[in-house]
1. If I filter segment 19-28 down to residues being within 13 Å of the ligand (Cβ to nearest atom) and not polar (S, T, N, Q), which single residue comes out as farthest from Gln218 (Cα to Cα)?
2. Looking at Lys31, Lys11, Lys16, Lys6 in this structure, which one is surrounded by fewer than 21 Cβ atoms within 10 Å (Cβ to Cβ), within 15 Å of the chain's Cα centre (by Cα) and more than 16 Å from the ligand (Cβ to nearest atom)?
3. Do you know which residues across segment 81-123 are among the aliphatic types (A, V, I, L, M) and under 20 Å from Val48 (Cα atoms)?
4. Quick one: in segment 208-249, which of the residues that are in a loop (DSSP other than H, G, I, E, B) and more than 10 Å from the ligand (Cβ to nearest atom) is farthest from Glu190 (Cα to Cα)?
5. Out of the residues in segment 186-207 that are in a loop (DSSP other than H, G, I, E, B) and within 16 Å of the ligand (Cβ to nearest atom), which is surrounded by the fewest Cβ atoms within 10 Å (Cβ to Cβ)?
6. Could you figure out which of (1) in contact with a helix residue (DSSP H, G or I) (Cβ under 8 Å, 6 or more places away or on another chain); (2) modelled with pLDDT under 95 isn't true of Phe99?
7. Mind checking which pairs have a first residue in segment 67-90 that is part of a strand (DSSP E or B) and a second that is within 16 Å of the ligand (Cβ to nearest atom) and of a type in the set (D, E, K, R), Cβ under 6 Å, 6 or more apart or different chains?
8. Considering each residue of segment 34-55, count those that are more than 16 Å from the ligand (Cβ to nearest atom) and under 17 Å from Ser101 (Cβ atoms), and give that number.
Amino acid sequence: MLVSAKEMLTKAKAGKYAVGQFNINNMEWAKAILLTAQEMNSPVILGVSEGAGKYMCGYKTIVGMVNGMLEELNITVPVALHLDHGSYEACYKCIDAGFSSVMFDGSHYPIDENVAKTKELVKVCAEKGLSLEAEVGAIGGEEDGVVGTGECADPDECKMVADLGVTMLAAGIGNIHGKYPENWAGLSFETLDAIQQQTGDMPLVLHGGTGIPSDMIQKAISLGVAKINVNTECQLSFAAATRQYVEAGKDLQGKGFDPRKLLAPGFEAIKATVKEKMELFGSVNKA
Ligand code: 13P
C-alpha cells in the first residue's frame, strides 16, 4: 500500500540520512526503482512530473500501475507516490487519483498567493492523509537553452511556509535541475544552514540531485536535507546502456529486438543508479 512520505522523512531527518525521490517515466522505471528499494530495504519516493503524468496516460493509470506492482512484486518497504512540481490544479487531480503525496510548486506566485494556496492544500492533504511538499525560491535549470544559476531561498520565507504545516520543504540553495554547468558555484551551505535554523525539524528537500558531488550531498544531509530528488541521472544511465546495446548491434542478433531484451540493459542501469544513490543518501536498511 502506498504511504504518505511523512513518517519516512521524519525518521530520515532525525537519523541524518535522506530518502531518494526517483522520477518515473514508464513501467521499466517504476519496476526498476521499486525492486531496488526492496533489495536495499530502503524507503523510496516515486516522483511524477506533470509531463510524465501526461506521457503515462494520466494519474489514474499511474496509480493503477504502481499499486499493481506493490502487490505483484511483493514490495513491503515504504513507498510514496508523489506529484513533482505540481500546479494547484494538478495537486487536486493527484489527490483524487490516489497519490499519497503531492508537491505544490507555488514558487512562481507572489509569496502571499503561494502561502494562501499552500494553506488550503495543507488542510486538504491533512484530511486525506497525504504528505505535502512546498517550495520557496525557484530552482534553476535549463529553459530554452538558457541555464539559470539557481536562486537561493529567503530563510524567513521558508519559515513562513514551513509554519503553515507542510510535510517537507524544498528550498533553492543554488541547486538546478538537469546537468550542472562547468562554472556552477556549488550549493550554498550558508543558505541551507540559515534555513534549517529557521525551520527546525522540517525535512528539507534538495532538488536537482543529478550531478551534485558526493561530498556536497553528504554535507547537505548533515544540514537537514532529508529528501533528494533524482531524475536526469536515471535517464542518462538508461540512455547510455541502451545506446551501447544498439551500437553493439545486439538488437540485430537473434531476438535482440524483443523489447524485453532491448530495454533490459537500460533497466539494469536504472537499478544501478538508484542503488548507488540509496547508498550515498544513507537510506539502505532504513525501511
Ligand atoms: P535532476 O533531473 O537534476 O536530477 O532533478 C530532479 C528533480 O529535482 C525533480 O524535481
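1. Ile24
2. Only one candidate qualifies: Lys6.
3. Leu81, Leu83, Ala90, Ile95, Ala97, Val102, Met103, Leu121, Val122
4. Within segment 208-249, the subset in a loop (DSSP other than H, G, I, E, B) is 208-213, 223-224, 231, 248-249.
With more than 10 Å from the ligand (Cβ to nearest atom) added as a condition, the list becomes 213, 223-224, 248-249.
Working: Pro213: 17, Leu223: 10, Gly224: 12, Ala248: 48, Gly249: 50 Å.
Across segment 208-249, the extreme among qualifying residues is Gly249.
5. Per the criteria, the residue is Gly186.
6. Here Phe99 meets the rest and fails (2).
7. His85/Asp105
8. The total comes to 4.
The values are calculated or read from the model by the stated rules, or taken from the named source; none is laboratory data. None of these values were measured; they are calculated from a predicted model. Cβ atoms come from the backbone with ideal geometry, glycine included; neighbour counts cover every protein chain shown.
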